[in-house]
Structure formats: C-alpha cells, structure tokens
Amino acid sequence: MIEISSAQIDAWIAAFIFPLARILAFVASAPLWSTAAIPQRTRLVLGLGITLAIAPALPPMPAVPPATLAGLWIMLQQMLIGIGMGFAARIVFSAFDLAGEYMGFQMGLGFATFYDPLRGSQTPVLANFFSILALLMLLSMNGHLLYFATLAQSFVAIPVSATPLAANSWMNLAQVGGYIFSSGLLLALPVTVALMITNFALAVLTRTAPQLNIFALGFPITMMGGFFALATSLRYLAEPFQAVFEIALGAMLGFAVVR
C-alpha cells in the first residue's frame, strides 16, 4: 500500500506553487501579455501551462510548507521577482513609444492622438504604430519564446529562497530606465536627421525668397519628409529592434542578480 506523508505533499505543492507565483507575476507585468486585450483567465491558463512545463526541470525548491508564514514570505519574494522582471522588460520596451512620440513631435503630429482603450489614455498615432510594429517584430523573431526561456533561466540565476532582494537590485531596475531615452533617441535618429535637413533647407529657402509663406509650406513639406524618411528606414529597423529586445532580456535577469 502506497503511503504519502504530509511532508511529501508539501514538497509537491512547493515545487509547483513557488514557481507559479513568479511566473504569474511576470505574465501580469511583462509586455505583450499585460495588455488589457488579453483576458485574465488567459493569463492564468498561460501561467499554469508554463509552470507545468518547466517545473520538473527547475532546481530543488526550499523545504518549506507553502501554508506557513515562511512559505508565504517566499511566495511574496517570488511575486516581487516576477513583477521586477516583467517591469524591467516593459521599461526597455517603452523606448519604442518614446521614439514614436519624438518623431511625431518633429513631424508636427503631436496633436494627432486618439484614445487607446488598451492603455486608457490618449496615445500619439506614431507611438502606437511603433509599439504595434515592435510587438509584431517581437513575435516574428520568436521573442516571446526567448522571454519564456529567460524566465526559466531565472530560477537558476535567482534561486527560490527566503533571502530578500538587496537594495542594489532595485537600483539596477531604476538604472534600466536610462535605456528608454538612449534607445528611443537612437531609433528616432534617422527621421530626426532627415527632418533637421528639411528644416535647414526651409530656413535657407525663406531667407532667399521671403515672399514665400513658410508656415503654409513648411508643415506639409515637413510631414511628407518625415513619412518618407520613416518609410525608408523601416527596412533597416530589424537590427535596432533586436538590440532593444536583447537589452530587455538582459535586464530581466540583471535587476535582481545582486542580493
């Protein structure tokens, strides 16, 4: 007769519930899955499926019953790690929104906004276009699978334990915010340079022919020049986008390596 002790049941539950806390927190905060278009039930099923798939290959879990105070503390730590990993990826992903907004302002499309029900706020058109383009490119590069692989690797780099995260971990997460501005400006650089040349040409034209109405000609010329530069640069954006995705993958593990 097979006998199962309560310690074995607690070990089985711990081997599943501790990774589940980190994975569900990551799914709830990471880009692509945290959008309001994905129902919460879908996120829950996704988290359960990922946990069932990777739980047998994970390192041994702490021998702590999940229903105890120590077990709840470990679950809280895993939720913080999952939220931090997802938030680190989301911070880097915001570089695409910044690039779209900056290009829109330079082209004179700062007023071209619409209400985005997924974000619950007014969103510039170009920023939303760049965000959708980044999501599609992420899926085409199997970036979502890389996110899951990095999430599985995090259980080796950041083992499940009751040790709290150090202050340096959250400082690393704050430093990741610098990638928003550096990567966003680099992505918008081709259109920005083209518009600078266009504005310089319009300034020279105004000085040589003062009778021209620069306010009537400058806006359509700047807009057409910006769209032309954007359309020309789209074919070259694969490598910069991939570089931003790699930064996001590194930020997922880098924010909490230091304990």
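For this structure, a couple of remarks:
- Remark: the chain carries 53 Å² of accessible area per residue (probe radius 1.4 Å; ligands, DNA and RNA excluded).
- Magnitude of the charge dipole, segment 1-102, Cβ model with Lys/Arg +1 and Asp/Glu -1, debye to 20: 120
- For I158, no residue has an amide H sitting under 5 Å from its own, ignoring neighbours fewer than 5 places away on the same chain, with H placed 1.01 Å from N.
- Normalised contact order of the chain, rounded percent, pairs of Cα under 8 Å and 6 or more residues apart: 26
- Tilt relative to the chain, helix 178-208 - C-alpha long axis, 0 to 90 degrees, to 10: 0
- Full extension of the chain between L234 and A209 gives 5.5 nm of extra length, using 0.36 nm per residue less the Cα-Cα distance.
- Axis of helix 143-157 versus longest Cα principal axis of the chain: the two differ by about 40°, to the nearest ten degrees.
- Here the accessible area is traced with a 1.4 Å probe on the protein chains. For the chain, carbon and sulfur cover 72 percent of it.
- Estimated distance in nm for a label pair at E246 and L76, the labels positioned 7 Å out from Cα along Cα-to-Cβ: 3.9
- Length gained on full extension, A157 to F129, computed as 0.36 nm times the residue gap minus the Cα-Cα distance: 6.6 nm.
- Working from Cα pairs under 8 Å separated by at least six residues, relative contact order for segment 132-259 is 54 percent.
- Extending 7 Å from Cα along the Cβ direction at A149 and again at T35 yields two label points whose distance is 2.4 nm.
- Assigned charges on the beta-carbon of Lys, Arg, Asp, Glu; the chain dipole about Cα centre (debye): 240
- Here the Karplus relation 6.51 cos²θ - 1.76 cosθ + 1.60, evaluated at θ = phi - 60°, turns the backbone of segment 38-54 into coupling constants of 9, x, 5, 5, 5, 5, 5, 5, 5, x, 5, x, 5, 5, 5, 6, 9 Hz, with x for every Gly and Pro.
- Cβ-Cβ distance of A67 and L44, R₀ of 22 Å, FRET efficiency by 1/(1 + (r/R0)^6): the value works out to about 0.60.
The values are calculated or read from the model by the stated rules, or taken from the named source; none is laboratory data. A quick note: this is a predicted structure, and the numbers were derived from the prediction, not measured. Heads up, the Cβs are rebuilt from the backbone with ideal geometry, glycines too, and the neighbour counts pull from every protein chain shown. When the accessible area is computed, the model is the full protein with side chains, heavy atoms only, and any ligands, DNA or RNA have been set aside. Shrake-Rupley method; radii C 1.70, N 1.55, O 1.52, S 1.80 Å.
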